[in-house]
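Data first, discussion second: the structure below is written as structure tokens.
The values are calculated or read from the model by the stated rules, or taken from the named source; none is laboratory data. Every value quoted in this text rests on a predicted model; they were computed, and no experiment measured them. Quick reminder, even Gly has a Cβ in these numbers, built from the backbone with ideal geometry, and neighbours come from all protein chains shown. For the accessible areas, the whole protein counts, side chains as well, though only heavy atoms, and no ligand, DNA or RNA atoms are used. Shrake-Rupley method; radii C 1.70, N 1.55, O 1.52, S 1.80 Å.
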Amino acid sequence: MAEPESSTAAAGGSRLRNACGGVLCAFTLLLIGVLAFSIRLFSVIKYESVIHEFDPYFNFRVTQEAKGTGAGLMAAAILAMVPSYISRSVAGSYDNEAVAIFALIFTFYLYVKTLNTGSLFYATLNALSYFYMVCSWGGYTFIINLIPIHVLLCIVTGRYSSRLYIAYAPLVILGTLLAALVPVVGFNAVMTSEHFASFLVFIILHVVALVYYIKGLLTPRLFKVAMTLVITVGLTYASKYIPIIASVSEHQPPTWPSYFMDINVLAFLIPAGIISCFLPLSDASSFVVLYLVTAVYFSGVMVRLMLVLAPAACILSGIALSEAFDVLTRSVKYQLSKLFDDSPAASGDSSAESSSASTVSTNSAKNETRPEKTETAPKEKPSKKNRKKEKEVAESVPVKPKKEKKLLVLPMEASVLGILLLIVLGGFYVVHCVWAAAEAYSAPSIVLTSRSRDGLHVFDDFREAYAWLSHNTDVDDKVASWWDYGYQTTAMANRTVIVDNNTWNNTHIATVGTAMSSPEKAAWEIFNSLDVKYVLVVFGGLVGYPSDDINKFLWMVRIGGGVFPHIKEPDYLRDGNYRVDAQGTPTMLNCLMYKLCYYRFVETDGKGFDRVRGYEIGKKHFKLTHFEEVFTTHHWMVRIYKLKPQKNRVRGKLKKLKSGSKASSTNAAGRKKNPWQ
């Protein structure tokens, strides 16, 4: 009677423990959400400027599906503070990546959840989440390429199952149909190369499913014959008709310090997390490892995709910290129980191996031997051979857990030291994240600051320029600038722009790049055809602001030349070097961008010394014939020019026409026809 009562009490205690653990987990997630929200309020508190923070929650769910609740909570806490994601989700920042990363993690969570459960309900939600991602950010192509790679990896490693089919097939069919409904995507969802991998893996998945189905119908011998025939025919066809398509996006690669800035100590925890994912390897943990590998590669191609790397780094770092704390705390617990436990069971063991075994393994060994006794009791007369086998099984079962537990138990000193080191490491991470949130990523991009011996200097030129546009131009006037400043001009000056940060329309951006790369007259004709009244340029040569339009100019040339072939990058380079000094090419020194940035610049110091480039400019004294300067900010960071009216140009041409012949007037008219060349 005592034994059932003790088992009932143990069951009740475990239920209570699980209930308390669930409440504690929910409360911890709530605190992590508050932390994620509050750490992003530095910009509002310091610079007067709300955000959603579901990302730690779904990062917790992804990690929980892969490695349990403890790792999930650790990953959620790390993601709540990671600087890489804070840079795009501070309060007052409305970049679409703030929503897109949440959609990315949510989609991955639903995919892993479907892998583990095989539920068609979660598969449908996964497709809807993918649709949300497509609506949010062009980085949805990362999802539609990463998941097929994981499916292919599962097939190659022999991990195909019906759960894998349910997780992938609805995503491709329903997700592609929904993505085609987004106007900027449309038929690109089935016609562009970045989507081809998903369709190819979709076909392979059905072929594998068909193979497994046929394997169940045929005898092993017939199945081998059929497979040999199909593989022979398939390889012959593939070698002739299926090309390998590879595309690489061109962007600025990150530097090594940027990795330390954005993920900090997580870079050292990631390898340990990868090792933990292989102990043991599951579909979910293999997906996490594959996610990290692809994210590391793409973040090395373009610095913007550090955002994609951050969740993967947080997941694996959370797994590593959770496993490390698990081993260290279990070792401390065992060593303490070894010191204070004077029970006969612990003191009666004389061998070194049995003394190093934990109480958990001893109890489990007892629990394992009891069922064997109850199973053998009904058998009246088992044979000697069966008894011998049962004895060998009973003796061999507890041995393996003892050895495994022995490997996971560390000395007390090492365990305590390891816990302290992990706490210090976490402290450094928290300090770095708070500093990044407060200083590096909370300052508004339109108000710049710098520190020197004289103290703090504030550069408010952007707001000054936008205020001038708002108060001194007509509401219907159009403003041309590089696309980086499109949203700011629209929001703060309330004026129409030709191009903005929505970079889907490459032709419009190429048109502005062509105008900036052209001589003054040709540029005037291009802008006039677009009904532009004002041109805005950003110039940092006076104060040393490096992110100005002169440093971005080669991108304007490349993008413009991609659509209009008469713009050639070598025309702007001297022996392959980009220069704006006396060694600059005539094409460079006469283009519109050079003239608008350096007009009257020599008047500032008498030499025309550019503090960003570090030398004197090449062409110092020149006049503008088709544009007039209407406003320059206090630090010369933003300069605004107005297109001169056409009547001034007509008067000048009439004088030439009177003195010239009819033949020359015919040639001049012929040259005026096409402003794009």
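Mind scanning LYS568/LYS644; LYS113/LYS215; LYS521/LYS595 and naming the pairs with a C-alpha gap bigger than 20 Å? Spell out each step's value before the answer.
Details: LYS568/LYS644 28 Å; LYS113/LYS215 28 Å; LYS521/LYS595 12 Å.
Cα-Cα > 20 Å for LYS568/LYS644; LYS113/LYS215; rest within.
Give the calculated FRET efficiency between ARG304 and VAL327 to the nearest 0.05, with a Förster radius of 30 Å applied to their Cβ-Cβ distance. Each step should come with its number before you reach the end.
Details: r = 37 Å, r/R0 = 1.24.
FRET efficiency, ARG304 to VAL327: 0.20.
Counting only protein heavy atoms and a probe of 1.4 Å, the accessible surface of the stretch 457-643 is 48% carbon and sulfur. Computed extension length for SER258-ILE173: 26.8 nm, one decimal, from 0.36 nm per residue of separation with the Cα-Cα distance subtracted.
State the extension gain, in nm to one decimal, for the chain segment bounded by VAL416 and PHE121, taking 0.36 nm per residue of separation less the distance between their alpha-carbons.
On the way: separation 295, 0.36 × 295 = 106.20 nm, distance 4.58 nm.
Full extension from VAL416 to PHE121 adds 101.6 nm.
Site pair LYS642 and VAL190 shows an inter-label distance of 5.3 nm when each label is modelled 7 Å from Cα along Cα→Cβ.
For an R0 of 30 angstrom, estimate the FRET efficiency from the Cβ-Cβ distance between ILE423 and LEU30 and round to the nearest 0.05. Write down the numbers at each step before the final one.
On the way: r = 23 Å, r/R0 = 0.75.
Once the sixth-power term is evaluated, E becomes 0.85.
Rounded to two decimal places and with Rh computed the Kirkwood way over Cα pairs, what is Rg over Rh for the stretch 457-643? Taking Rh as the inverse mean 1/r over Cα pairs, Rg/Rh reads 0.94. Residues within the reach of a label modelled at HIS457 (point 7 angstrom out along Cα to beta-carbon, backbone nitrogen below 20 Å), restricted to the stretch 612-645, are 612-617, 632-639.
So, by mean Cβ neighbours within 10 angstrom, what's the order for 197-207, 128-138 with the highest one leading?
Details: 197-207: 16.1, 128-138: 20.8.
Going by the mean number of other Cβ atoms within 10 Å, highest first, we get 128-138, 197-207.
Across the stretch 457-643, C-alpha contacts under 8 Å between residues 6 or more apart give a mean separation that, scaled by the residue count, equals a relative contact order of 25 percent.
In this rough spin-label picture, where each label sits 7 Å from Cα along the Cβ direction, the TRP435-PHE268 distance is 1.5 nm.
Could you rank the peptides 15-22, 515-522, 253-260, 169-176 by their average count of other C-beta atoms within 10 Å per residue, with the highest value first?
515-522, 169-176, 253-260, 15-22
Suppose R0 equals 30 Å; then what is the FRET efficiency for THR69 and THR449 from their Cβ-Cβ distance, rounded to the nearest 0.05?
Details: r = 43 Å, r/R0 = 1.44.
It comes to 0.10.
The packing ranking, built from the mean of other Cβ atoms within 10 Å per residue, places the peptides 529-537, 183-191, 565-573, 544-552 in the order 529-537, 544-552, 565-573, 183-191, highest first.
You can think of it this way: the chain between ALA582 and THR157 has 146.8 nm of extra reach, that is 0.36 nm per residue less the Cα-Cα gap.
Label-to-label distance for ASN506 and LEU336 is 6.3 nm, based on points extended 7 Å past Cα in the beta-carbon direction.
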